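Read through the structure below, which is laid out as structure tokens, and then see the notes.
The values are calculated or read from the model by the stated rules, or taken from the named source; none is laboratory data. Values in this document were obtained by computation on a predicted structure and should not be read as measured data. Every residue, glycine among them, receives a Cβ derived from its backbone with ideal geometry; neighbour counts consider all protein chains shown.
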Amino acid sequence: MGNIVDYVRTDFRSFAEHPFTAVDSLVLSELSYIRFPLVVPVFGVAKSVDTVPVGALLRAEDFPSMFSSDSQQVNSARLDLLVAVAESPRFRGMRVGEYAQRDDQAREQQFAAVTFDMGDCTGIRSTYGSGGLLYVAFRGTDGTLLGWKEDFNMAFRCPVPSQDAAADYVTSILGRSAGVPGGEAPGIMIGGHSKGGNMAVYAAVHAADRDLRLMQRRADESGDTQLPAVTATANDSSRDEHTASRYAVRIRHVFSHDGPGFPRRLQTAAFDAMASRVSKTVPESSVVGMLMDDHLPYHVVKADAVGIMQHLGVSWQIQDGEFVTAPGLSATARFVGSTVNAWMLGIDPADRKRVLDQLYVIFSAPGYRSFGELADNWTTAVPSIVAATRQTDRDTRRLVAGVLAALPATAWRNLPQVPQLVIDSLR
């Protein structure tokens, strides 16, 4: 047994011998947390999908900026993963590009996406067709306060800016990778970890909804009463004009790795059309992945971390190229998940927004941009946080205390004493 780094270092099978799995998806989702250097083509500039070999990322002078958004332990694991991928006979034919990153304080948005072109990996074209395979990865929440604020917003608003951006990103990649008439377009897989998994599902459902609206309009114009199915196709070798304009048929699979759900049900017909193609994986102590039920089945994975730390994908256990499964969620995960979801369902949306906005104001009070900076400066940060908390009204303080008591944030791994200190100050 080992983690994704061990898997990439030791499993040399081609994609013909061992087709793409949820483990491969987690590998690429984890790589999306890297802050890619300028050598990686920027999203949307070229007319077609633009990429560079994954080996081009191995430039030591870029590493400090590439691996700077999390704890030293996690950054080190991601560097190890990148090196392993570039060396692996399974992955080293991969190309990377179409990098998008947007941190917008005014819109409360933290978004990043990258596309991996798997077409030159051994066994991909023989397994998935001559067009090859693209994997679109969405970054999950980083350690910034801005990133967690957008997560909070997802509890009462859909779509948030990053969900819209994810839908636009996938639409662009699908459109610019369509290929030439008569040629086979690449299949698409979409995935992400944490918030990235939520965005992957949202973007896929948006593509299906686009197709359904397009087909309905054409049916209305022609008088047809039967719409074609929005299902994944083995290949696009028989693409006609109408098929070429449909995007969802090219989406082979969607992966959500401990990704939260949505505050309300997405477009039912489009969601139902895509649901069978979604694979959701969560660790035994999942909290984030259990937020806001998305009505998707999930597989529980064993992890070698404790509690909320299991949210980190590098802790998930793998054997023989597959996740090591667990019989179910832990009792703590079930309790915390039901508690937070009950709070979210039981409170008025306006109050939900008020308390989550107040949380952001409180933790922004010291002036630091990330939870890591708060941890490094906690002796000065905590008094500012407590002072900001005491300026709120009693009802808001009560709501804030309730949320903090079960806050599903990996951010506290570096600052475990702060939630209780703030809760005590609210009494």
Scanning the stretch 326-348 residue by residue, those surrounded by fewer than 13 Cβ atoms within 10 Å (Cβ to Cβ), assigned to a loop (DSSP other than H, G, I, E, B) and at pLDDT below 85 turn out to be Asp348
Tell me, please, whether a residue that is under 18 Å from Pro41 (Cα atoms), of a type in the set (S, T, N, Q) and in the same structural domain as Val49 (by TED's automatic domain parsing) can be found in the stretch 128-135. no
Residue check, Glu184 assigned to a helix (DSSP H, G or I) and not β-branched (Val, Ile, Thr):
no
Of those in the stretch 260-296 that are over 17 Å from the mean Cα position of the chain (by Cα) and without any contact (Cβ under 8 Å) to a residue 60 or more places away in the chain, the residue surrounded by the most Cβ atoms within 10 Å (Cβ to Cβ) is Ser285
Taking first residues from the stretch 213-231 that are assigned by TED's automatic domain parsing to the domain that holds Ala269 and second residues anywhere that are assigned to a loop (DSSP other than H, G, I, E, B) and modelled with pLDDT under 75, the pairs with Cβ under 6 Å that are 6 or more apart or on different chains are Met215/Leu227; Ala219/Leu227
Reported set for the stretch 1-60 where residues are under 20 Å from Phe138 (Cα atoms) and among the charged types (D, E, K, R) is Asp24, Glu30, Arg35, Asp50
Here the residues within the stretch 118-160 that are assigned to a helix (DSSP H, G or I) and farther than 27 Å from Phe67 by Cβ are Ile124, Arg125, Ser126, Thr127, Tyr128, Asn153
>> Can you find a residue that is crowded, with 24+ Cβ neighbours inside 10 Å and at pLDDT 80 or above anywhere in the stretch 214-237?
In response: no
Scanning the stretch 297-325 for residues that are among the small types (Gly, Ala, Ser) and surrounded by fewer than 23 Cβ atoms within 10 Å (Cβ to Cβ) gives Ala305, Gly307, Ser315, Gly321
- Query: Are any of the residues in the stretch 31-39 in contact with a helix residue (DSSP H, G or I) (Cβ under 7 Å, 6 or more places away or on another chain), within 12 Å of Val8 (Cβ to Cβ) and either at pLDDT 95 or above or surrounded by 20 or more Cβ atoms within 10 Å (Cβ to Cβ) (or both)?
  - Reply: yes
How many residues of the stretch 1-10 are in contact with a Gly (Cβ under 8 Å, 6 or more places away or on another chain) and within 23 Å of Val254 (Cβ to Cβ)? The answer is 2
Here the residues within the stretch 40-79 that are of a type in the set (Ser, Thr, Tyr) and surrounded by 19 or more Cβ atoms within 10 Å (Cβ to Cβ) are Thr51, Ser69
Right, Arg246: in contact with a Leu (Cβ under 9 Å, 6 or more places away or on another chain), more than 26 Å from Val23 (Cβ to Cβ) and modelled with pLDDT under 90 or not? yes
Residues of the stretch 84-111 being surrounded by 20 or more Cβ atoms within 10 Å (Cβ to Cβ), under 19 Å from Leu133 (Cβ atoms) and either among the hydrophobic types (A, V, I, L, M, F, W, C) or not assigned by TED's automatic domain parsing to the domain that holds Leu31 (or both), in sequence order, are Val85, Phe91, Met94, Val96
